[in-house]
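J.: Dropping a structure here in structure tokens format, bear with me for questions.
Bear in mind that the values in this text are calculations on the coordinates, not laboratory data. Since the model is a prediction, treat every value here as computed from it, not as a measurement. Here Cβ is always computed from backbone atoms with ideal geometry, including for glycine, and neighbour counts include all displayed protein chains.
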Amino acid sequence: MNFLLNSLFSNVLVKLTCLPPTFLVGFKRTTSKKEASQVKKTTRFVIWICSKFTRREIEQIIQGLIEVLANRNPEVKPKDDFKEKHPNYRNFFVDPEPPLKAPPQKAPKLNWKELLSNYQKEKGHPLLPVNNKDPKTKAPKGSLCRVCGAPAEYLYFNDGKKRSQLKCKVCSSLSQVHPRHRNKAKYYCPHCSHSLYLWKERKDVSIYKCDNDRCSSFLKNKGKLNFAEKLLTKIKSSQFKLRYQYREYHFSEKQLRHSAPEEKDASCLFKIHNSLNTLCLALTFHISLGISARKTAFILRNVFSLPLSYQSVLNYTEIVAPYCHRFNKTYKGEVDHIQAGDETYIKVRGKNHFVFFFISSCNRKITAYHIEKSRDTLPAVIAINEAIRTASPGEEITLVTDGNPSYPAGIHFINQNYEPNLTHKKVVGLQNLDKESEEFRPFKELY
């Protein structure tokens, strides 16, 4: 029996992979423990197939699998274990920490106040500031000693008429009035304070990157790679996101407009052949209750004896949509400090579009509903802007979303340009794999 099963198993593998039986024999002798367990699972699967299907059905199954392996069936693809072996390959995410706009100030090596106190104890009298008789020889206002931090009152020029070098009367150290080497970087890494360089520049975004090999973020991400990924980085290093990056988006006010229904002629609302009560009744069934236009017309005709076609219901909806949209934006009111956001796709004239929703956590109010053709950063920024538009000044708002990288990128853009106090919390998947997901999942389930 075992001989027949092994023979059947070998024949199935030969037909699936189109390889000679000698290859399979050598393969079994050199397999690892993981591959050996996989072979045992496949053997049990073959036994199950033999117990459930006839010989003819098994031949049809084999023929179908051969077509899948030959890419002749575009709808069915075999499982690709490359992502399982390389979990960090092409794993794009937005770094949650915003960049620094200025390098951190280094603390002076000495304290000028302590030096003055010690001088007074040793000499018996305080050290007086520099007495400049000529106002032109005074040190520039705001100058500080780079060693002890003494103010301009204790500094004086040390190079005659050049006046480019200052000497400190407290610690006798030299400082430059205008340092030659100035760092012209725009942003700095929040992990290592190293300057970010302009890595890529496009029409709507500029990407800055940290190239410090000793950066804690780089070392942490590099330590997550397994052995196979470390080998792959030598060939395709650009496919692994290891270094800190910041995306600076260049969105104009015109691009940040919220989507709105198409405006119709204002007089169309008063040209309908039915009363406003009929209009409100049709909208109640079609919009508030979510009933289709055909069923709404059927209910109005058979229950209320109103001869209204489904096309009239659709026309009424298009006419009233701009009024309802302006009403929602005008009387939205204040929002809660915690809001949940998500996006879903809808069909608009046969094409896929995406709706970005935000909902308040306490009053369950829809605070934004932006429609766009993509799930990029721009529609996320528009939806977030609308969601926080009526928030109280200085209110700390927390946004709870899924793992879509458009949300943290949009929050970075808003915090850098408009300076509100936005905090992002991410809830990914259906299970709580971290404390953040466990704490904020109830808000994500509001939808």
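J.: Given a Förster distance of 45 angstrom, what is the FRET efficiency for Phe93 paired with Val177, based on the Cβ-Cβ distance and rounded to 0.05?
T.: E(calc), rounded to 0.05, equals 0.50.
J.: Taking 8 Å as the Cα distance limit and 6 or more residues as the minimum spacing, I'd like the relative contact order of the range 332-444 as a percentage.
T.: Here the relative contact order equals 24 percent.
J.: P(r) tail for the range 372-447, what percent of Cα pairs lie past 19 Å?
T.: Tail of the P(r) past 19 Å holds 38 percent of the pairs.
J.: Place a +1 charge on the Cβ of each Lys and Arg in the chain and a -1 charge on the Cβ of each Asp and Glu, then give the dipole magnitude about the Cα centre in debye, rounded to the nearest 20.
T.: In total the dipole reaches around 1920 debye.
J.: To continue, here is another question. Over the alpha-carbon set of the range 146-264, work out the extent along each principal axis and list the three values in angstrom, largest first.
T.: Principal-axis extents of the Cα atoms in the range 146-264, largest first: 70, 60, 21 Å.
J.: GNM on the chain, C-alpha springs below 10 Å: top fluctuator among Pro135, Pro98, Pro307?
T.: Ranking Pro135, Pro98, Pro307 by mean-square fluctuation puts Pro135 first.
J.: Cα centroids of the range 90-157 and the range 360-400: how far apart, whole angstrom?
T.: 44 Å
J.: Per residue of the range 197-202, in order, report the coupling 6.51 cos²θ - 1.76 cosθ + 1.60 (Karplus, θ = phi - 60°) as ³J(HN,Hα) in whole Hz, putting x for Gly and Pro.
T.: 9, 6, 8, 9, 9, 10
J.: Another question, if that's okay. Quick one: net charge around Ala380, please, counting Lys, Arg +1 and Asp, Glu -1 for every other residue with C-beta under 14 Å from its C-beta.
T.: Surrounding charge for Ala380 is -3.
J.: Using amide H atoms built in the peptide plane, which far-off residues or other-chain residues are under 5 Å from Ala368 H to H?
T.: Hits under the 5 Å cutoff: Phe358.
J.: Counting only residues 5 or more places away or on other chains, whose amide H sits under 5 Å from the amide H of Trp199 once H atoms are built in the peptide plane?
T.: Ile207, Tyr208, Lys209
J.: May I have the extent of the alpha carbons of the range 266-315 along their three principal axes, as whole Å values ordered from largest to smallest?
T.: Computed over the range 266-315, the largest-to-smallest principal extents equal 28, 21, 17 Å.
J.: Name the residue from Leu314, Asn385, Thr42 whose Cα lies farthest towards the positive end of the charge dipole of the chain, charges +1 on Cβ of Lys and Arg and -1 on Cβ of Asp and Glu.
T.: Towards the positive end, the residue furthest out is Thr42.
J.: Gln60 to Leu231: FRET efficiency via 1/(1 + (r/R0)^6), r the Cβ-Cβ distance, R0 41 Å, to the nearest 0.05?
T.: Taking R0 as 41 Å, the efficiency between Gln60 and Leu231 is 0.50.
J.: Order of Thr344, Thr398, Thr377, Thr390 from fewest to most other C-beta atoms within 10 Å?
T.: Sorted ascending by nearby Cβ count, the order is Thr344, Thr390, Thr398, Thr377.
J.: For Lys113 and Lys435, what is the calculated FRET efficiency with R₀ set at 45 Å and r taken between the beta-carbons, to the nearest 0.05?
T.: The formula returns an efficiency of 0.50 here.
J.: How many angstrom lie between the Cα centre of the range 308-339 and the Cα centre of the range 401-425?
T.: Cα centroid to Cα centroid, the span is 27 Å.
J.: Kyte-Doolittle mean at least -1.0 and Cα extent at least 20 Å along the axis: which DSSP H helices of the chain qualify?
T.: Within the chain the helices that satisfy the rule are 2-17, 33-52, 55-69, 310-330.
J.: If I build a Gaussian network model for the chain, linking alpha-carbon pairs within less than 10 angstrom, which residue out of Ala139, Ala387, Ala409 has the largest mean-square fluctuation?
T.: Among Ala139, Ala387, Ala409, the largest GNM mean-square fluctuation belongs to Ala139.
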